[in-house]
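Structure first, commentary second.
The values are calculated or read from the model by the stated rules, or taken from the named source; none is laboratory data. All values reported here derive from a predicted model rather than from experimental measurement. Heads up, the Cβs are rebuilt from the backbone with ideal geometry, glycines too, and the neighbour counts pull from every protein chain shown. Heavy atoms of the whole protein, side chains included, go into the accessibility calculation; ligands, DNA and RNA do not. Shrake-Rupley method; radii C 1.70, N 1.55, O 1.52, S 1.80 Å.
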Amino acid sequence: MKAPVAIVFANLKGNLGDFAILHAMLVDLERKRSGHPVHVYSQGFVSVDRARLAAFRKVAPPFELAGTTFTDNHRFQRLRVKIARFFRLRQRYQASRIRSLARNATSDAETFSRYEGVYIAGGAQWTGENSGVSMFATLRAMAAHTDRIFSYPVSVSSSLWKVNTRSGLAADFSHIQAPLIARDSTSEAMLKELGLDAVLGADCVFSLAEIGKRVEATSRGKTLRVLLVVTSQEAVAISGALQRLRSHGISTALLTTCESEDFAVQKPSAEAHGAQFLAPLTWQDTVAEMKASDVVITNRLHGLILASFAGVPVLPLTDRSKVLAVVNDAALPLKISNLAYLNVEIVKEAVERRAEIVTKIADYRDRAQSKLRSPIPDERA
């Protein structure tokens, strides 16, 4: 049997965008590392959504859930972080936590020496204090035992500078085999600013386009249907948007791609206004609901990517920088900066300009696919 490979930092808390990232990685590994068993290590600081994991296993290439990556769970951690912030010692405290966790984890991390390759899940998870500590410390601990560490396309933001020194970031990222693949040009520039060998790629979820295109639409009625795939919105904003649309006879549905983040606000709002609340188990189910809609409104990056698979008009909500970047790159003709601007007029305009919008988002998807890069080197002869 061939040596196993490992995927680390898989986020299995129930975010369908992260499951789509893992799906793309598994497909890539199955094609380029055929016959190598795949062991997945999930993020250690978040719980696993068992229902969505079970649904994911049914549609994704096979893998073994081997455990979690390393994290520090000190009972007074939140208090310590607050104190460090108050005294403007965030960088120093972050560095101390990373050193401590890496030192404690190095012995257990020897297990990674047995893998033919260790592949880091793509995304934007390096940012933050708990997530950043866990990931950088785990990376250091693994690097003590193997240099076969690779990464799928990542995003980084300027918030990294707030809690990490640039020298520390450069040293830690250098444990990953070059070149580092960036999901966007801003991340590429930041990584190069650290003196790292970085290249521009694209979100690996774009590699799932053909699978997405084959998904069948769910059944629907004859009424104009608007699907909202939004997050981090206040109940009053959601309720106002639903009320404005439903007063004109438009069928509305709220769909969350991360139930744990959105349920508490969106479920009551949907019930109060007679709208559907949907919490799909898979990203394919999300595409199926998008295909059954006339307009998709989203402020999630992977919401835009999945909408590009569905071939439906998308009306982006640009209150998140990643979505605004796509809107600009794709030259999408319609957008809203706030749910307060969602009304029947702009929905009807999106329907009328369907062909233009669908073409532009499809062109953007195709350009992204042309930029796809895999960190997996060719099999050794």
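Taking R0 as 45 Å, what's the FRET efficiency between residue 103 and residue 247 from their Cβ-Cβ distance, rounded to 0.05?
So the FRET efficiency works out to roughly 0.15.
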Against the longest alpha carbon principal axis of the chain, how many degrees, from 0 to 90 and to the nearest 10, is the axis of helix 301-310 turned? 60
With each label point set 7 Å from Cα along the Cα-Cβ vector, what nm distance links residue 345 and residue 157? 3.2
A student applying the Cα gyration tensor rule (rounded when a/c is under 1.5; otherwise prolate if a/b is larger than b/c, oblate if not) would label region 1-121 prolate
Length gain on complete extension for the stretch residue 65 to residue 371, per 0.36 nm per residue less the alpha carbon to alpha carbon distance? 107.2 nm
Could you derive backbone 3J(HN,Hα) for region 169-185 from the dihedral phi with the Karplus parameters 6.51, -1.76 and 1.60 (θ = phi - 60°), listing whole Hz in sequence and x where the residue is Gly or Pro? 4, 4, 5, 5, 5, 5, 6, 8, 4, 7, x, 6, 9, 9, 7, 8, 5
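Roughly speaking, to the nearest percent, how much of the chain's 1.4 Å accessible area is carbon and sulfur?
50
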Post the alpha-carbon centroid distance, region 161-238 to region 1-70, in whole angstrom. 18
Return the Rg/Rh value of the chain, two decimal places, where both radii are evaluated on C-alpha atoms and Rh is the Kirkwood radius. 0.98
Can you tally the net charge around residue 224? Count Lys and Arg as +1, Asp and Glu as -1, for every other residue whose Cβ sits under 14 Å from the Cβ of residue 224. +3
Would you please state which residues of region 220-238 a label at residue 337 would reach in this model, taking the label point 7 Å out along Cα→Cβ and a backbone N cut-off of under 20 Å? 231-234, 237-238
Can you give me the angle between helix 259-272 and the longest principal axis of the chain, using Cα atoms only, in degrees from 0 to 90, rounded to the nearest 10? 20
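Whenever you get a sec, line up 23, 248 from highest to lowest accessible area (probe 1.4 Å, protein heavy atoms).
If we order 23, 248 from most to least accessible, we get 248, 23.
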Per-residue ellipticity at 222 nm attributable to helices in the chain (runs of n ≥ 4 DSSP H, -39500 (n - 2.57) apiece, nearest 500 deg cm²/dmol) works out to -14000 deg cm²/dmol
If you roll a 1.4 Å probe over the heavy atoms of the protein chains, what accessible area per residue do you get for region 232-295, in Å²? 40
GNM, the chain, Cα, under 10 Å: largest mean-square fluctuation among 190, 290, 142? 190
Could you state how much accessible area residue 59 has, in square angstrom rounded to the nearest 10, with a 1.4 Å probe and all protein chains kept in place? 70
Each label point is 7 Å from the Cα along the Cα-to-Cβ direction; what then is the distance between the points at residue 110 and residue 264, in nm? 4.3
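Region 1-48: which trypsin sites (Lys or Arg not before Pro) are DSSP loop and have at most 12 other beta-carbon atoms within 10 angstrom?
Answer in residue order: 2.
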Go from 0 up to the bin containing the longest alpha carbon distance in region 212-368, width 10 Å each, and give me the % of pairs per bin. 12, 45, 37, 5, 0
In whole Å, how far is the Cα centre of region 320-381 from that of region 272-313? 14
Relative to the chain, whose Cα atoms define the longest principal axis, helix 321-330 and its Cα axis are tilted in degrees, nearest 10, by 70
For the residue pair residue 222 and residue 3, what label-to-label distance in nm results when each label sits 7 Å from Cα along the Cα-to-beta-carbon direction? 6.4
Solvent-accessible area per residue for region 47-179 at a 1.4 Å probe radius, Å²? 50
At each listed q (0.13, 0.17, 0.23, 0.28 Å⁻¹), what is the log10 of I(q)/I(0) that the Debye formula gives for region 226-290 modelled as equal alpha-carbon point scatterers? -0.30, -0.52, -0.93, -1.27
Please list 359, 138 from largest to smallest accessible area, probe radius 1.4 Å, with all protein chains kept in place. 359, 138
Which residue, 192, 162, 82, tops the fluctuation ranking in a GNM of the chain built on C-alpha contacts under 10 Å? 82
Stretchable slack from residue 51 to residue 329, in nm (0.36 nm times residue separation minus alpha-carbon distance): 96.5 nm
Skip the ligands, DNA and RNA, and give the accessible area per residue of region 307-381 with a 1.4 Å probe, whole Å². 52
Per principal axis, descending, Cα span of region 334-381 in whole Å: 60, 23, 10
